[in-house]
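Working notes, structure below.
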Amino acid sequence: MEKAIQIVEKKTGINLTQLMTSLVFLGIFFIPFSSFRGIPALGEFAREPSVIFFFFAFLVLIADVLVRKRIIFPIRNLMFQVVLVLFLWFIIATLLNLPNIHNYYFKGASGYERFILQYGVLLLSGVFFLTTYFNVFRRYDSKTLFYKVRKIFYYSMCIVATYGILEILILKFKMAFLHYILWFFNFFPFTEVYLDYGHDRISSVTFEAPALATYLFTVAGWMFSYIITEKGFKKYIPALLVIVLGFFSGSRAALFVITFQVLIFGFLLIRKRKHHQILITVVSLSSVAILFLGIFRGPEIAETIVEKATSFDVRDNKHAISNRSRFGIQYANFLVFLEHPVTGIGYGMQSFEARYKYPKWATVSNWEFRLKYLNENNPNFPPGYNLYARILAEAGIIGMMIFLSLIFLILFTTFRLIKKNDDRYLLAIVIFISMIGFCFNWLKVDTIRVFGFWINFALLLTITANSKFTFSLKKDNAPE
C-alpha cells in the first residue's frame, strides 16, 4: 500500500499533503452552501456538502500516515484532553443506562442504533475531521494561517452576500425582475434558488434563515477583522454585510447574537490604544447611518426590532407554534435531567424519554408535534433545540460540568492570547468572537457538529500547540 501511494505521488505529481490542504480549504469555502435537496445517504450531514471534502481530506490524511508513518495529535493540549474526556463520558453515561436503552424504540430506530449514529457524527466532527484540520493548519505560522483562512471565508461570503442582497431587493423592495439574475445561482454547486415569499425572510445559499444566521456567527469575527487590518472605507464593507444579512434574515437569534458580537469586538478595540481611532470612526459612521435610517425608515425599523425582541411569547400569533415547540421540547429535556441528574439517560437518547414529557401547552393544536415530532411515519427525530439542555438530559450534571469546562478553557485561552498581543493576536480575536457566537447559538440548536466550531477549535489548538501558554490566573504584562 505504501509503495503504491508513493508511485502514484511520483507519477501524478500530486502531493498528499497539498491535496489534503486543498480539500480542507474547499470544505471551508462550501460551508454555507446547503440550499440543494441534499444527499440522504449522508444522514445528519445530508445538507452539508462540506462533509464530502472533509471526508476525502481525512482519507488523504490516512494515506499520508501510511507513507510517512506518523500523524500529529494535539494530545498534550489541555483543551483537546477535555474534549476526549467529554466524549469518553458520553460513552460511560450511555453504558450506565443500557438497561433502559435496550427497550428504547421510536420512529423505526432502537436506542442502540440511535447511539451509534449520533456518536458516529460526534467522532467524525470532533476527532477525525478535527485531526485533519489540525494537521493542515499546523503547517502554517499564525499570521499566514489567519490570512489564508480569512481569504477563503471572504470569497465564500462574497457569494453569500451577492445572493442575499438580490433576495433583499426582490423580497423587500419588490424588484421582481432581479429574479432572472438570481436564477443563475442554480448553476452553482449545492445551490437551488428559492425565495420565501410567504415570510419575506432571506436565507441566501443556505437552506433556511436560521442556517444563514449560524453561518454569519461563524464569519462575523473574520469579517470584523478587516476593520483592523485594511485601510479605506472598503474595510467596513464585510462587517456591514454581516449586519445587513443578519437583520434581513428575519432570525431573532441573528439580531441578538450579531449585536453581541459587535459589542464584543468594540470592547476588544477599546482595550488597545492604537485601535481607539478605529473605534471612534466606527461609532461615528454608525451614528450617521442610524440617523439617516431613522429619518427615512425609523418607525419601520423600530417596529421590526421591537417585534423581534418581544416575539418569544407562546401566545404570539406569528411565532406561537415555533416558540411552543422550542420551549416545550427544552422543558421536557429539563424534566428528563431532573429524573436522571447525575449521568443523564445516555448520548443521543433525549427523544426516547422527552416525548412522554412534552407539556400540553406545547403540543395542543400544534401541527409540528402532530406531523413531525410525534409522528412515527416521519423518520426525523425531534431536535432538542438547546445543546445545554440536551447535554443535561443525556449526560447529566457531570457531562455539563465537563462541557462548560471546555467552553471556559476556550474563552479563557483566547482572551489570554489577545492580551499577549503577539503574532497570534488577530487569530485570537476572530476565534474569541466566533466562539461567543457559537455559545449563544447553542441556546437554539442541539448539535455540536457545527463545522465552524471545530474549525475555530482546530485553529486555537494550532496556535497554542508549541507555545509556553499555561493555564494561569496571573495578570499578563502584555505590550500594548
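The values are calculated or read from the model by the stated rules, or taken from the named source; none is laboratory data. Everything numeric in this text was worked out from a predicted model, so none of it was measured. Reconstructed Cβ throughout: ideal geometry from the backbone, glycine too, with neighbour counts over all protein chains shown. What goes into the accessible areas is simple: the full protein's heavy atoms, side chains included, and nothing from ligands, DNA or RNA. Shrake-Rupley method; radii C 1.70, N 1.55, O 1.52, S 1.80 Å.
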Inset, instruction - Pick out the one residue from L392, L406, L411 that is modelled with pLDDT of 95 or more and open to solvent by less than 20 Å² (accessible area, probe 1.4 Å). - result: L406
Inset, instruction - Return yes or no: is F256 open to solvent by less than 70 Å² (accessible area, probe 1.4 Å), modelled with pLDDT of 60 or more and under 20 Å from F440 (Cα atoms)? - result: no
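Conditions (1) touching a residue at least 60 places away in the same chain (Cβ under 8 Å); (2) aromatic (F, W, Y); (3) open to solvent by 20 Å² or more (accessible area, probe 1.4 Å), marked per residue:
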site: I52; (1), (2), (3): no, no, yes
site: L61; (1), (2), (3): yes, no, no
site: R68; (1), (2), (3): no, no, yes
site: V83; (1), (2), (3): yes, no, no
site: S110; (1), (2), (3): no, no, yes
site: F115; (1), (2), (3): yes, yes, yes
site: Q118; (1), (2), (3): yes, no, no
site: R139; (1), (2), (3): yes, no, yes
site: F146; (1), (2), (3): yes, yes, no
Legend entry - helices (runs of 4 or more DSSP H) lying entirely in the range 330-431 (those with 1 or more residues that are within 21 Å of L96 (Cβ to Cβ) and without any contact (Cβ under 8 Å) to a residue 12 or more places away in the chain): 387-420
Inset, instruction - Select from the range 437-461 the residues that are open to solvent by 20 Å² or more (accessible area, probe 1.4 Å) and either touching a Pro at 6+ places or on another chain (Cβ under 7 Å) or in a helix (DSSP H, G or I) (or both) and list them in ascending order. - result: C439, F440, D446
Inset, instruction - Considering each residue of the range 70-81, count those that are touching a residue at least 12 places away in the same chain (Cβ under 8 Å) and part of a helix (DSSP H, G or I), and give that number. - result: 3
Inset, instruction - Test Y155 against the stated conditions and say whether it is open to solvent by less than 30 Å² (accessible area, probe 1.4 Å) and of a type outside the set (D, E). - result: no
Legend entry - Hits in the range 195-209 (condition: open to solvent by 60 Å² or more (accessible area, probe 1.4 Å) and modelled with pLDDT of 90 or more): F207, E208
Inset, instruction - Looking only at the range 317-336, count how many residues are over 25 Å from the mean Cα position of the chain (by Cα) and not β-branched (V, I, T). - result: 4
Inset, instruction - Take L130 and decide whether it is surrounded by 15 or more Cβ atoms within 10 Å (Cβ to Cβ) and hydrophobic (A, V, I, L, M, F, W, C). - result: yes
Inset, instruction - Kindly indicate whether I165 is modelled with pLDDT under 95, surrounded by fewer than 19 Cβ atoms within 10 Å (Cβ to Cβ) and either in contact with a Lys or Arg (Cβ under 9 Å, 6 or more places away or on another chain) or closer than 15 Å to I243 by Cβ (or both). - result: no
Inset, instruction - Looking at (1) hydrophobic (A, V, I, L, M, F, W, C); (2) within 28 Å of H179 (Cβ to Cβ); (3) modelled with pLDDT under 95, find the lone condition where V219 falls short. - result: (3)
Inset, instruction - For D423, work out the one condition from (1) over 19 Å from L212 (Cβ atoms); (2) open to solvent by less than 40 Å² (accessible area, probe 1.4 Å) it doesn't fulfil. - result: (2)
